Amino acid sequence: MAVWLLTLPLNFLLRCNMTTLLDIDTNDIIVSSELDDIIFSSSPLTLTFDEQEKLKQKFIMESFHYHYKNNEDYRYYCNVQGVDENITSIDDIPVFPTSMFKYAKLHTADETNIENWFTSSGTSGIKSHIARDRQSIERLLGSVNYGMKYLGEFHEHQLELVNMGPDRFSAKNVWFKYVMSLVELLYPTTFTVNEDEIDFEQTIASLKAIQRKGKGICLIGPPYFIYLLALYMKEHNIEFNAGAHMFIITGGGWKTKQKEALNRQDFNQLLMETFNLFHESQIRDTFNQVELNTCFFEDNRQRKHVPPWVYARALDPVTMMPVEDGQEGLMSYMDASSTSYPTFIVTDDIGIVHNIKEPDLFQGTTVEIVRRLNTREQKGCSLSMATSLK
């Protein structure tokens, strides 16, 4: 397989002008802290497991103190649980169930600084509403750039993307669509979906056009849309010989199409055959949810990595204490990148956390989502927590 020695300049994000969804004046992203420096300028290849652990402890504790000091509702929530600012372990930080955001609008940022209230897709019926200020959105973009480095280091003129989704202005405030659209701020991107209608011919034509230019290709979209594209190509006997020069990145899960969902092995095989890929490592999935301000990208072994500014745990659903490495538990995250709301959450997902140490090219923490947990008891708990806020 050809090795691409392509490099995205470390100061690219610091130079780029970024507009938010609301079409406000553009501003340069400013690296103003050690956390920003790690998000915007570091690489997954340069940090050892121990270094990541030290950064995680520091960033999460700083984030807790920031939100405890500046968010009256969160401070009250902590105090009700007997927690004040004098905690000694990040495991002592109180977390919210993500479903609570369906019932309460919790924000640390002043309302005048909130760029938008982003929502979940609402597949479960009620949408979550999450406030984000400019700094939180910029750091989200930084996490996308950080995660893309698991693919390799690319100059923006050496890689082009085809996104089976809307651009960030058409995405409005639906979080998954907005997150997937952010790649256009990093690389030239063609969008081939409008109002959830896929233009298959444009998608294929765009892939072939990039190939003719001799550039690297990256196809991005929900797994179901990529699946439909593969079926369309097979039905119309369309061949595409990508070889080693294409990546396929999926995100968002199968959502309402779970009955048609393929397991990962079958999905990989379908894409390998459809696009004549050199190796299944060219297929990567990403993880994010509206209540989390960071994207997790897979490495070349399809392991989803947690950046060093996020603490991922699997909790015993009865005791709510962390389980052993490699055991299933209720997934919980603490994300230091958000300044607009306290990102200390426990989710509806059952998953597994692995800590990868030496020897490994990509050290750090990985997560594996096993299944969803939807119970009346948990929804009742989140509603109770929401109404306990002042």
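The values are calculated or read from the model by the stated rules, or taken from the named source; none is laboratory data. Remember, it's a predicted structure, so these values are computed and weren't measured experimentally. Quick reminder, even Gly has a Cβ in these numbers, built from the backbone with ideal geometry, and neighbours come from all protein chains shown. To get the accessible areas, we keep the full protein, side chains included, count just its heavy atoms, and leave off ligands, DNA and RNA. Shrake-Rupley method; radii C 1.70, N 1.55, O 1.52, S 1.80 Å.
Summary table
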{"read-out": "Gain upon complete extension [E195, D316; 0.36 nm per residue less C-alpha separation]", "value": "39.5 nm"}
{"read-out": "Extended-chain gain in nm, criterion 0.36 nm per residue less alpha-carbon gap, S281 and A261", "value": "5.2 nm"}
{"read-out": "Size of charge dipole - region 229-336 - debye, nearest 20, with Cβ of Lys, Arg +1 and Asp, Glu -1, no other charges", "value": "180"}
{"read-out": "Between region 192-239 and region 74-104, the alpha-carbon center distance in angstrom", "value": "44"}
{"read-out": "Computed over the chain: relative contact order in percent, which uses C-alpha pairs under 8 Å that are six or more apart", "value": "20"}
{"read-out": "Projected label distance in nm at D360 and E85, using a 7 Å step from Cα toward the beta-carbon", "value": "3.7"}
{"read-out": "Size of region 215-303 as Cα extents on the principal axes (Å, biggest first)", "value": "41, 30, 22"}
{"read-out": "Gain in span if fully extended, E72 to N113, counting 0.36 nm per residue against the direct Cα distance", "value": "13.1 nm"}
{"read-out": "The chain, helix-only ellipticity at 222 nm - DSSP H runs n ≥ 4, -39,500 (n - 2.57), divided by all residues, nearest 500", "value": "-9000 deg cm²/dmol"}
{"read-out": "The chain, accessible area per residue, ligands and nucleic acids excluded (1.4 Å, Å²)", "value": "44"}
{"read-out": "K213-W254 FRET efficiency (beta carbon distance; Förster radius 45 Å; 0.05 resolution)", "value": "0.90"}
{"read-out": "Region 200-350: translational diffusion in µm²/s, Stokes-Einstein, Kirkwood Rh over Cα pairs, 25 °C, 0.890 mPa s", "value": "141"}
{"read-out": "Inverse of mean 1/r across different Cα pairs in region 144-220, Kirkwood, Å", "value": "12.8"}
{"read-out": "Inter-centroid distance (Cα atoms) of region 131-183 relative to region 270-332, Å", "value": "18"}
{"read-out": "Mean shadow area of the chain over all directions, Cα convex hull, nm²", "value": "18.6"}
{"read-out": "Percent carbon-and-sulfur accessible area, region 110-262, ignoring ligands, DNA and RNA, probe 1.4 Å", "value": "46"}
{"read-out": "E235/H157 FRET efficiency (R0 35 Å; Cβ-Cβ; nearest 0.05)", "value": "0.50"}
